[in-house]
Amino acid sequence: MAKIIINHEKVKNIEEIVKICPFNALEIVDNKLEINSGCKMCKLCVKKGPEGVFEFEEDQRVEINKDEWRGITVYVDHHEGDIHPVTYELIGKAREMAAKINHPVYCVFIGSNIKDKCDKLLSYGVDEVFVYDSEEFKNFRIEPYTKAVENFINNIKPTIMLVGGTTLGRSLAPRLAARFKTGLTADCTILDIQENTDLDQIRPAFGGNIMAHIHTPNNRPQFATVRYKIFSAPQEVEDPKGKVTLCNVDKKELISNINVLSTKPKTREVGLEDAEVIIVASRAIKKQEDMDMIYKLADVLDAQVAGTRPLIESGWIDAKKQIGLSGRTVKPKLIITCGVSGAVQFVAGMQGSDYIVAINQDEKAPIFDVAHVSLVGDVYEIVPKIIEKIEQNQLEMAFTVEE
Ligand SMILES: Cc1cc2nc3c(=O)[nH]c(=O)nc-3n(C[C@H](O)[C@H](O)[C@H](O)COP(=O)(O)OP(=O)(O)OC[C@H]3O[C@@H](n4cnc5c(N)ncnc54)[C@H](O)[C@@H]3O)c2cc1C
């Protein structure tokens, strides 16, 4: 890591020097100039400070041998052996990338009494599942789980680690990346691989206004988290050939400061992510009472109702029903957007939907760029017409007439 060094013997006017830093990272401690944790490494002090006081020192970069790191690994996210579907989606992406560089696909599976759950992973075409099955892993506790994955990485040296962007994954992946002093890109929306095994990690940045392309060229493994429903689960293979390898970590290494006294299962809500049909309300809906029209449409299509951020902010819809960059990512079979403009931050959360029907009175609305069916007109006229047609059992007509 790079650092900034202070040559104290060259410091003359200490009060003036501390003013240089716009982040207040320079301070006087016991009459001595110090750099605190507010330092952003902007190097302004080096450029603007008195000559010779500050020096920027970059560590010598140690070249890694990329050939020593083989395999794309998916961390198996589960609760008591019940595997989270994001795991299968990541296996699909891992297989696709592994085929390009001729690497194997691995899973690392940590828990208690989980050995017999490996068949499902193998059925998705995984080459090898590394299982850490022990009483110590009964409940997720960050320290022992980190230790097990650390053990796996040290032994197998995978070039990539893919982790679901779940509550658990978001806790585990950064800790591991820090332990291996390597990069982690959170919430990737696109992943690809280069011939030299560098991972192309693409995700929206700066409020969704740009797509950042991130690489980790000098470190291994490369960590990425991906939210549920970004990728699709692959087809199961007919004749799985992968194998299961049991692994162990010395119990002395599995010390935790967390003692789980009891656990209470939370009843799983059917979230937006699971909906097959979604109706999206937007700022085009003028009054809260008008939401009845949206709920009616949802009712006849057996759909869930979601909203754009302004609607959530108005309090008309629960925050869990927000679609987009700062909300949920969905991939339903059908999504009908009612007056949504199609801001990038919204589209980022739904563009993978199978069939997108968009209603907007502005024919230039960006939502039409991703829509399969574009209905240009007033949402207050079109939605009742769709409801009427569906009630008359003319679902297909509802769209073809207005197309
Ligand atoms: C960091 C950041 C994160 C964000 N995250 C999210 C997010 O997760 N989700 C999200 O939704 N937004 C998010 N936003 C906000 C986003 O930029 C947009 O402001 C928002 O999506 C717009 O919502 P809207 O389409 O309802 O409203 P508007 O953009 O105001 O669009 C209203 C649309 O309604 C149409 N219209 C009006 N009346 C009618 C009518 N009678 N019939 C038909 N059409 C009509 C108009 O033509 C217009 O296109 C985020 C913004 C930032 C900066």
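The values are calculated or read from the model by the stated rules, or taken from the named source; none is laboratory data. Fair warning: this is a prediction, and the values are worked out from it, not measured in the lab. Every residue, glycine among them, receives a Cβ derived from its backbone with ideal geometry; neighbour counts consider all protein chains shown. We work out accessible area using only protein heavy atoms, side chains counted, and drop any ligands, DNA or RNA first. Shrake-Rupley method; radii C 1.70, N 1.55, O 1.52, S 1.80 Å.
Quick notes on this structure:
- Sole exception among (1) outside the structural domain of residue 18 (by TED's automatic domain parsing); (2) among the hydrophobic types (A, V, I, L, M, F, W, C); (3) open to solvent by 30 Å² or more (accessible area, probe 1.4 Å) for residue 76, by number: (3)
- Given (1) surrounded by 20 or more Cβ atoms within 10 Å (Cβ to Cβ); (2) within 11 Å of the ligand (Cβ to nearest atom); (3) not aliphatic (A, V, I, L, M), number of the condition residue 332 does not satisfy: (2)
- All of 318, 299, 292 fail the test of being without any contact (Cβ under 8 Å) to a residue 24 or more places away in the chain and either more than 16 Å from the ligand (Cβ to nearest atom) or in the same structural domain as residue 190 (by TED's automatic domain parsing) (or both), apart from 299.
- Flag set for residue 210, criterion: within 16 Å of the ligand (Cβ to nearest atom) and open to solvent by 50 Å² or more (accessible area, probe 1.4 Å).
- Qualifying residue in region 169-176 (condition: at pLDDT below 95 and charged (D, E, K, R)): no
- Here residue 309 fits the description: among the charged types (D, E, K, R), modelled with pLDDT of 95 or more and under 24 Å from residue 269 (Cβ atoms).
- Positions within region 152-167 being under 23 Å from residue 95 (Cα atoms), open to solvent by 20 Å² or more (accessible area, probe 1.4 Å) and either part of a helix (DSSP H, G or I) or touching a Cys at 6+ places or on another chain (Cβ under 8 Å) (or both), in sequence order: 154, 155, 156
- Residues that are within 21 Å of the chain's Cα centre (by Cα) and open to solvent by less than 30 Å² (accessible area, probe 1.4 Å) are absent from region 124-139.
- If only residues of region 336-375 that are acidic (Asp, Glu) and outside any helix (DSSP H, G or I) are counted, the one that is farthest from the ligand (Cβ to nearest atom) is 354.
- Residues considered: 145, 124, 132. Of these, the only one that is assigned by TED's automatic domain parsing to the domain that holds residue 190, at pLDDT 95 or above, over 29 Å from residue 259 (Cβ atoms) and of a type in the set (Phe, Trp, Tyr) is 124.
- For region 376-392, filtering for residues that are within 15 Å of the ligand (Cβ to nearest atom), open to solvent by less than 40 Å² (accessible area, probe 1.4 Å) and in a helix (DSSP H, G or I) leaves 4.
- Given (1) in contact with a Lys or Arg (Cβ under 9 Å, 6 or more places away or on another chain); (2) modelled with pLDDT of 95 or more, index of the condition residue 100 fails: (1)
- Of all residues in region 363-375, those that are farther than 23 Å from residue 331 by Cα and either in contact with a strand residue (DSSP E or B) (Cβ under 8 Å, 6 or more places away or on another chain) or crowded, with 18+ Cβ neighbours inside 10 Å (or both) total 1.
- Lone qualifier among 311, 325 - being near the ligand (Cβ under 8 Å from one of its atoms), open to solvent by 10 Å² or more (accessible area, probe 1.4 Å) and hydrophobic (A, V, I, L, M, F, W, C): 325
- Scan of region 22-48 for residues that are farther than 30 Å from residue 218 by Cα and not in a helix (DSSP H, G or I), ordered by number: 22, 24, 26, 27, 28, 29, 30, 31, 32, 33, 34
- Restricting the first member to region 221-247 and to residues that are outside any loop (DSSP other than H, G, I, E, B), and the second to residues that are of a type in the set (Gly, Ala, Ser), the beta-carbon pairs closer than 6 Å and six or more apart or on different chains are 223/173; 223/177; 225/165; 225/169; 225/173; 225/186; 226/165.
- The single residue among 19, 43 that is open to solvent by 70 Å² or more (accessible area, probe 1.4 Å) and farther than 30 Å from residue 182 by Cα turns out to be 19.
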